[in-house]
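No value in this document is a laboratory result; all are computed from the given coordinates. Every value quoted in this text rests on a predicted model; they were computed, and no experiment measured them. Positions of Cβ are backbone-derived with ideal geometry, glycine not excepted, and every protein chain shown enters the neighbour counts.
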Amino acid sequence: MYNDDFFRLEMQKIKELGLYREIRKIEKIEGKYINIAGKSYIDFSSNNYLGLRDDKRIILSGKEAAEKYGAGSGASRVVTGNSSIYSRLEEKIAKFKGKDKALIFNSGYDANIAIFSSIFDESDIIFADKLIHASIIDGIKLSGAKLLRYKHNDIADLKIKMAKYSSKYKKIGVVTESVFSMDGDIGKIKEISDLKKIENFIFIVDEAHATGIFGERGSGVIEELGLEKNNVDVIMGTLGKALGSYGAYIAADSIIVEFLINRARPFIFSTALPPFSCGAALKAIELIMEKKVLTEKLYENIMFARKNAESSGFALPKDITPIVPLIIGSNSEVVKLQKLIFDNGYVAAGIRPPTVPEGKSRIRLTINPYHDREDIEGLFKVVHSFIKEK
Ligand SMILES: *Cc1c(COP(=O)(O)O)cnc(C)c1O
């Protein structure tokens with residue numbers, strides 16, 4: 001027996017704040033369709049930006065890897081959980097991202113925990129954009145390093161903070177995202193890397209939402225800006241979003257990869273990713289590099305969704321990414337709109353604190369190439385009617 005007062009009180013608090021979360025009873029997702037309790041809805045909330053999650057070519061490649069290498073890996077990579085598929089994937093990622101070496105992690109969450117907790121310690125300081133992902137914050141907390149957050153995309157603020165604090169610490173880290181997960185705007189990567197002229201720091205960029213979408217090879221914003229080689233030191237990304245698989249990676253100089261193999265506890269003390277995920281991700285990267293994915297249709301849909309959002313009165317970030325945030329403000333209004341959208345046959349994510357700051361609750365739409373104009377128009381008809389009634 002135990003006293004459940006703690007749990008009941010916490011749950012009551014969560015509900016009163018309009019922050020209650022539950023797992024949807026989803027039967028199946030296929031392409032843009034989500035089947036919930038026998039009814040089909042149009043999905044505007046997955047991070048499956050290129051539609052690769054259901055792509056027969058990557059599923060087949062995953063299956064072949066599973067048949068050849070097994071359903072699981074059986075151990076950590078540093079014990080016996082390794083086979084040629086992992087190094088093939090790592091070589092492919094290194095080429096894709098334009099770095100010497102890559103290392104696979106079990107998820108993006110794991111990768112961020114690994115990077116920060118192994119590279120930094122109590123004598124270090126990390127400057128982080130105000131809107132960085134929870135996994136980065138958790139990694140920094142675990143490292144014990146001092147965390148200082150600068151205003152979102154505000155390089156002047158970063159410079160002031162750097163000048164004020166840097167000298168008191170041993171190593172300095174700076175971290176941002178290339179596409180911000182909840183706002184869909186692009187990080188100031190060039191501007192930050194230019195600060196290396198005045199300060200020595202390790203620059204880490206999370207490309208979770210940019211991988212597969214930007215750049216000539218399709219590897220991300222860093223590639224598009226030509227900053228892979230000497231500007232960004234550690235590039236992190238996930239295999240689970242546009243690449244349609246599961247797992248994550250970092251790409252960096254050989255010495256950093258070697259260091260992480262020896263020091264990153266989430267890498268050392270966890271069973272390696274299943275071969276299926278590696279086989280699927282390998283194929284996804286190949287298809288992206290060979291331009292055999294639906295990027296043009298994706299952009300056409302993004303532009304159409306943005307046009308609709310703007311005519312409903314929403315101010316959007318100027319950067320064109322598959323994330324279209326409809327900022328509403330109040331938690332309860334977001335819950336209401338989310339339900340209205342759902343009742344009309346669409347699934348869109350209501351995002352509330354702590355995922356976004358207080359007063360910035362929103363509907364976060366994600367666009368993919370399977371959407372038709374009618375899907376987007378239909379969704380915005382619902383949004384528009386809600387806005388008009390307010
Ligand atoms: C999703 C996400 C992660 C975590 O990646 P997973 O592979 O889903 O664990 C890390 N950083 C950002 C910015 C993300 O959006």
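Take each of the peptides 343-354, 217-228, average the number of other beta-carbon atoms within 10 Å over its residues, and list them starting from the highest. Kindly include the intermediate steps, with their values, before the conclusion.
Values: 343-354: 18.3, 217-228: 21.9.
Ranking, from highest mean packing down: 217-228, 343-354.
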Quiz item: If you look at just the Cα atoms of the range 297-377, how large are its Rg and its Dmax in Å?
Solution: 12.5, 35
Practice problem: With r as the distance between the Cβ atoms of residue 318 and residue 167 and R0 = 35 Å, compute the FRET efficiency 1/(1 + (r/R0)^6) and round to 0.05. | Solution: 0.45
Quiz item: Mean 1/r over all different Cα pairs, inverted: what Kirkwood radius does the range 177-276 give, in Å?
Solution: 14.6
Exercise. Express as a percent, rounded to the nearest 5, the fraction of DSSP beta bridges in the chain (both residues included) that run antiparallel.
Key: 60
Self-check item: the chain - charge dipole about Cα centre, Lys and Arg +1 at Cβ, Asp and Glu -1, debye rounded to 20
Solution: 280
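In deg cm²/dmol, rounded to 500, what helix-only [θ] at 222 nm does the chain give when every DSSP H run of at least 4 residues adds -39500 (n - 2.57) and the total is split over its residues? Please list the in-between numbers first.
Values: 14 runs with 159 residues, N = 390.
Calculated at 222 nm, the ellipticity per residue is -12500 deg cm²/dmol.
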Quiz item: What distance in nm separates the simple spin-label points at residue 146 and residue 26, each placed 7 Å from Cα in the Cβ direction?
Solution: 4.2
Quiz prompt | Label-point gap, in nm, between residue 377 and residue 36 - each point 7 angstrom along Cα→Cβ | solution = 2.5
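What length, rounded to one decimal in nm, is gained on full extension from residue 190 through to residue 12, with 0.36 nm per residue of separation minus their alpha-carbon distance? Present the calculation step by step, with values, prior to reporting the outcome.
Numbers: separation 178, 0.36 × 178 = 64.08 nm, distance 4.55 nm.
Extra length from residue 190 to residue 12 when fully extended: 59.5 nm.
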Practice problem: Take the cross-link list 95/297; 28/99; 171/360; 13/190 and give me the ones stretching past 31 Å between alpha-carbons. | Solution: 28/99; 171/360; 13/190
Exercise. Calculate the length of the line joining the C-alpha centroid of the range 235-268 to that of the range 28-101, in whole Å.
Key: 15
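I'd like to compare 66-76, 16-26: which one has the highest average count of other Cβ atoms within 10 Å, and what's the full order after that?
Values: 66-76: 15.0, 16-26: 10.1.
Most protected by this proxy first, the peptides run 66-76, 16-26.
So what's the chain giving for Cα Rg divided by 2.2 N^0.38 Å, two decimals? Walk me through the numbers before you get to the answer.
Details: Rg = 21.3 Å, N = 390, 2.2 N^0.38 = 21.2 Å.
Normalised Cα radius of gyration, the chain: 1.00.
Subtracting the Cα-Cα distance from 0.36 nm times the residue separation, let me have the gained length for residue 121 to residue 3 in nm, one decimal. Before the final figure, lay out the partial values.
Working: separation 118, 0.36 × 118 = 42.48 nm, distance 3.76 nm.
Extending this stretch completely gives an extra 38.7 nm.
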Quiz item: Can you pull the Rg over Rh of the range 210-333, Cα-only, Kirkwood?
Solution: 1.05
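At a 10 angstrom cut-off on C-beta neighbours, averaged per residue, how do the peptides 77-84, 203-210 rank from highest to lowest? Show your work: numbers first, answer last.
Details: 77-84: 14.5, 203-210: 27.0.
Top to bottom by mean Cβ count within 10 Å: 203-210, 77-84.
How high is the relative contact order of the chain? Use alpha-carbon pairs under 8 Å, at least six apart in sequence, and give a whole percent. The partial results should precede the final answer.
Values: 769 pairs, mean separation 88.8, N = 390.
It rounds to 23 percent for the chain.
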Exercise. Treating each Cα of the range 102-179 as an identical point scatterer and ignoring solvent, apply the Debye formula and state log10 I(q)/I(0) at q = 0.16, 0.18 Å⁻¹.
Key: -0.56, -0.70
Self-check item: Of 25/381; 159/241; 32/151, those spanning more than 30 Å from alpha-carbon to alpha-carbon
Solution: 159/241; 32/151
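Within the range 234-318, report the chymotrypsin sites (Phe, Trp or Tyr not before Pro) that DSSP leaves as loop and that have at most 16 other Cβ atoms within 10 Å. Don't jump to the answer; show the numbers that get you there.
Working: sites: 246, 249, 259, 267, 269, 276, 299, 304, 314; in loops: 246, 269, 314.
Taking the range 234-318 and a limit of 16 other Cβ atoms within 10 Å, the loop chymotrypsin sites (Phe, Trp or Tyr not before Pro) found are 269.
Let me check I've understood the local charge: for residue 160, count other residues with C-beta under 12 angstrom from its C-beta, Lys and Arg +1, Asp and Glu -1. What total comes out? Write down the numbers at each step before the final one.
Working: positive: 151, 159, 161, 164; negative: 154, 157.
Charge balance in the 12 Å sphere: +2.
For the range 122-161, what is the per residue volume of the convex hull drawn over the alpha-carbon atoms, in cubic angstrom? Mind showing how you got there, number by number?
Details: hull volume 1.9 nm³, N = 40.
So the per-residue Cα hull volume is 47 Å³.
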Self-check item: Whole-number percent relative contact order across the range 172-325, with pairs defined as alpha carbons under 8 Å at least 6 apart
Solution: 23
Exercise. Give me the Debye-computed log₁₀ of I(q)/I(0) at q = 0.10, 0.17, 0.21 Å⁻¹ for the range 104-245, equal point scatterers on Cα only, no solvent, two decimals.
Key: -0.30, -0.89, -1.37
Quiz prompt | Taking N as its residue count, the alpha carbon Rg of the range 1-158 over 2.2 N^0.38 Å | solution = 1.41
